[in-house]
Amino acid sequence: MNRLALADLAASLASHGDSLAISQHEVSAETIMNYWSAFRTRHEQWHRVMAGYRDAKNSGSFPSLHRWWDEYEGVLDDILVSELLTRVVATLGSVCERTMIDEGNDRVAAVTHGVFHSQLDASYRVGQILLEATAAPVAMIVRLNRLRHGVQRWSDWLVARVTTFPDAHIDYCVDQHRAQAFRAELRDSGDSRFRTMTSWLMNASMREMIQRRSSATPGLEDHNKAVIAAALGLFRSDLFDDYGVPKSHWLMSLGVDSPNNSTPAHPVFES
């Protein structure tokens, strides 16, 4: 299930948020639109699925409602878990815009902000469906509600992790007080090695929560994959190592300016 990949990517981007923001350059309009298009395509599919619930409910057909819950349980999981990546990418877009490295970063921030609000709309509709829960198994509603609460809490942790600068905005969290508390803890936690170890442990804990509270029912796998690829495309490929992990700012300073440039950027490599 690639809903775990959505969470893993969100955690990876958040853990290296400062490095990505500092090193980010202008993103092409085509790349930005790829992210927007991938999300909108999946968003439309989400709304078709949720419209099916409304149709079944209005028809008064309980067998149809039972089938809907059984068939689309995984899609509801996807919508909830996708909040993690959407909030982190929107936060990174905002941070990149404020670094003012390139004028094009304001376009990224505008698109990621729009995607964020579309995600909130879908999540709100899921909340309404869970509140009604017509013909839904009680155990499923309890599980989905626990997943929703878990995602909200971990979203605040990831948004706070993107940057630990005290003056940085924290607009895309769920609870500002909780996110600010997370950021203060990270900032006061000691050196970068301790902070990195903390992030690894917290990310593993988040992943375990999602695995435990998610269903085995697949969601919109192809659409999730397209969104993951488009979100990664917003960032320069040379900011990631061969395993797809974002490089630290120190490591990037030892590299080259671009993948096609054979001249080392750091003075230590100059003859």
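Just so it is clear, none of the values below were taken in a lab; they were calculated from the coordinates. For clarity, every value in this text was computed on a predicted model and none was experimentally measured. Neighbour counts are summed over all protein chains in view; Cβ atoms, including those assigned to glycine, are modelled from backbone coordinates with ideal geometry.
Note that segment 166-173 has calculated 3J(HN,Hα) couplings of x, 8, 5, 5, 10, 5, 9, 8 Hz, one per residue in order, obtained from phi through the Karplus relation 6.51 cos²θ - 1.76 cosθ + 1.60 (θ = phi - 60°); glycine and proline are x.
As a rough guide to protection, the peptides 107-114, 159-166 ranked by mean Cβ packing within 10 Å, highest first, stand as 159-166, 107-114. Put a plus charge on the Cβ of each Lys and Arg, a minus charge on the Cβ of each Asp and Glu, and nothing anywhere else: the dipole of segment 3-236 about its Cα centre is then about 620 debye. Descending by average beta-carbon neighbour count within 10 Å, the peptides 42-53, 192-203 line up as 42-53, 192-203, the highest first. Considering segment 3-236, its Cα convex hull presents a mean projected area of 12.2 nm².
Computed over neighbours whose Cβ is under 11 Å from that of Met33, the net charge equals +1, Lys and Arg +1, Asp and Glu -1.
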